[in-house]
Amino acid sequence: MFHDPPPLAAQLQTPRIEAAVGQALSENRIELAYQPVVMGSDTGVVAFYEGLLRLRHRDGGYQSAGAFLPAVETRPLGRVLDSWALQMGLLEMQRVPHLRLAINVSPRSLRDPRWWSTLTTGLAEDPHLAERLILEITECASLRSHDMPEIFQRLRGQGVSVALDDFGAGCTCFGNLRDLRFDILKIDGQFTKDVHQNRDNQVLFKSLLTIARHFELLTVAECVESHAEAAYLCFNGIDCLQGYAFGRPKPKPSWPEHSLSPSDLHFSASR
Ligand code: G
Ligand code: MN
């Protein structure tokens with residue numbers, strides 16, 4: 001969701017978007033919508049949810065994060081939105097005892113004291129929150145910076161799980177998988193598109209899956225829109241699926257009665 005650098009069109013619109021987002025924040029119109037990530041072995045079972053930011057307009061319509069985040073991602077407002085998303089996610093996790101939730105965070109925010117304070121203060125509220133929280137970090141150039149392994153160690157010290165988001169979408173660097181410890185690999189939606197009939201995507205998807213298995217990562221296929229795509233992905237061993245075929249992001253889903261444990265998901269935050 002966070003791209004680096006922002007597209008030119010987005011940069012040109014930044015002041016207008018900043019004003020709209022600032023206004024929406026002050027009027028409590030920035031909210032999280034939750035999209036299920038289901039198990040490949042039984043797509044009726046939700047492994048976890050991803051909380052996605054969206055801006056609700058006064059007339060009730062809304063825009064998803066992709067429409068405004070790229071424009072403000074490098075700005076201080078990008079840090080405010082990341083902290084806001086984390087705070088709202090942690091509050092929902094406190095309210096819903098079994099909820100496993102993934103929240104997006106820009107690598108830039110991993111250097112923001114305010115984001116860290118939101119994380120540590122939130123996790124201190126309940127000793128079981130950390131094991132239910134997944135932080136999704138989009139691959140970008142700043143993940144290669146020399147202080148990232150130390151920042152990751154600090155993150156893992158909090159007991160949370162870490163996902164590499166949109167893998168393969170941007171400046172893909174396989175070295176990140178070797179040098180930074182992730183629990184989950186989210187394979188970008190471009191590789192799942194028509195994968196059941198697109199030979200190129202079949203080869204790319206299988207290669208990414210082989211790499212993920214080597215690093216013992218839980219795999220999630222993003223943007224799965226059809227059951228034909230899902231069938232191919234499951235047959236070839238994907239762990240989890242996310243996309244419109246299994247549920248659109250919703251502000252108030254009916255939460256499950258219980259959630260899968262980390263061992264059911266074949267990864268553990270303490271690994
Ligand atoms: O970058 P990240 O994967 O965090 O963002 C997910 C984005 O993709 C959200 O804006 C969400 O609404 C959108 N999305 C989720 N599932 C699908 C899907 O199946 N198809 C498409 N086109 N978009 C999706
Ligand atoms: Mn994400």
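What does the charge count around P76 come to, taking other residues whose C-beta lies under 15 Å from its C-beta (Lys +1, Arg +1, Asp -1, Glu -1)?
Net charge in that neighbourhood comes out at +1.
For the residues E257, E216, E139, E225, what sequence is obtained by ranking on other C-beta atoms within 10 Å, fewest first? Could the numbers behind the result be given before it?
Values: E257 7, E216 11, E139 25, E225 15.
By the 10 Å Cβ count, ascending, the order reads E257, E216, E225, E139.
Where a ≥ b ≥ c are the square roots of the eigenvalues of the C-alpha gyration tensor, would you call the chain rounded, which needs a/c under 1.5, or, failing that, prolate if a/b is larger than b/c, or oblate?
Rounded shape, in that the Cα axes give a/c under 1.5.
In whole percent, what relative contact order does the chain give with Cα contacts below 8 Å and a gap of six or more residues?
Taking the mean separation of contacting Cα pairs over the length of the chain, I get 21 percent.
For the range 93-146, calculate the relative contact order in percent as a whole number, restricting contacts to Cα pairs under 8 Å that are 6 or more residues apart.
52
Return the percentage of antiparallel bridges among DSSP beta bridges fully within the chain, rounded to the nearest 5 %. Could you put the intermediate results ahead of the total?
Numbers: 16 of 38 bridges.
Of the beta bridges lying entirely in the chain, close to 40 percent run antiparallel.
Could you sort the peptides 240-253, 197-210 by per-residue average Cβ neighbour count (10 Å cutoff), highest mean leading? Don't skip to the end; give the middle numbers.
On the way: 240-253: 17.8, 197-210: 14.7.
Result, highest mean first: 240-253, 197-210.
Name the residue farthest towards the positive end of the dipole of the range 67-176 from the options A67, N176, T121, assuming +1 on Cβ of Lys and Arg, -1 on Cβ of Asp and Glu, about the Cα centre.
Positive-most Cα among the choices belongs to T121.
For the range 23-52 and the range 105-156, what is the separation of their C-alpha centers, rounded to whole Å?
The two parts, judged by their Cα centres, are 19 Å apart.
So if I place +1 on the C-beta of Lys and Arg and -1 on the C-beta of Asp and Glu, and nothing else carries charge, what would the dipole magnitude of the range 23-133 be about its Cα centre? I want it in debye, nearest 20.
Once rounded to the nearest 20, the dipole reads 340 debye.
Among T172, T138, what is the fewest-to-most ranking by other Cβ atoms within 10 Å? Walk me through the numbers on the way to the answer.
Details: T172 15, T138 23.
Lowest count first: T172, T138.
Report, in listed order, any pair from K193/K252; K186/K250; K186/K206 with a Cα-Cα distance greater than 25 Å.
K193/K252
Sort H227, H258 so the one with the fewest other Cβ atoms within 10 Å of its own Cβ comes first.
Values: H227 13, H258 8.
The fewest-first ordering by Cβ neighbours comes to H258, H227.
Each residue of the range 59-65 in turn: what ³J(HN,Hα) in whole Hz from Karplus with 6.51, -1.76, 1.60 and θ = phi - 60°, glycine and Pro shown as x?
Once θ is set to phi - 60°, the couplings for the range 59-65 become 7, x, x, 8, 10, 7, 3 Hz.
Treat each spin label as a single point 7 Å out from the Cα along the C-beta direction, and report the E27 to L260 distance in nm.
Distance between label points: 4.0 nm.
Amide H to amide H, which residues 5 or more places from E139 or on other chains are under 5 Å from it, using H placed in the peptide plane?
D165
Sort 87-99, 155-167 by the packing proxy (mean of other Cβ within 10 Å over each peptide's residues), most packed first. Please report the intermediate quantities before stating the final value.
Values: 87-99: 17.5, 155-167: 20.8.
Per-residue Cβ counts within 10 Å, averaged per peptide and sorted highest first, yield 155-167, 87-99.
Here, each number is a calculation from the coordinates, and none is a lab measurement. All values reported here derive from a predicted model rather than from experimental measurement. Here Cβ is always computed from backbone atoms with ideal geometry, including for glycine, and neighbour counts include all displayed protein chains.
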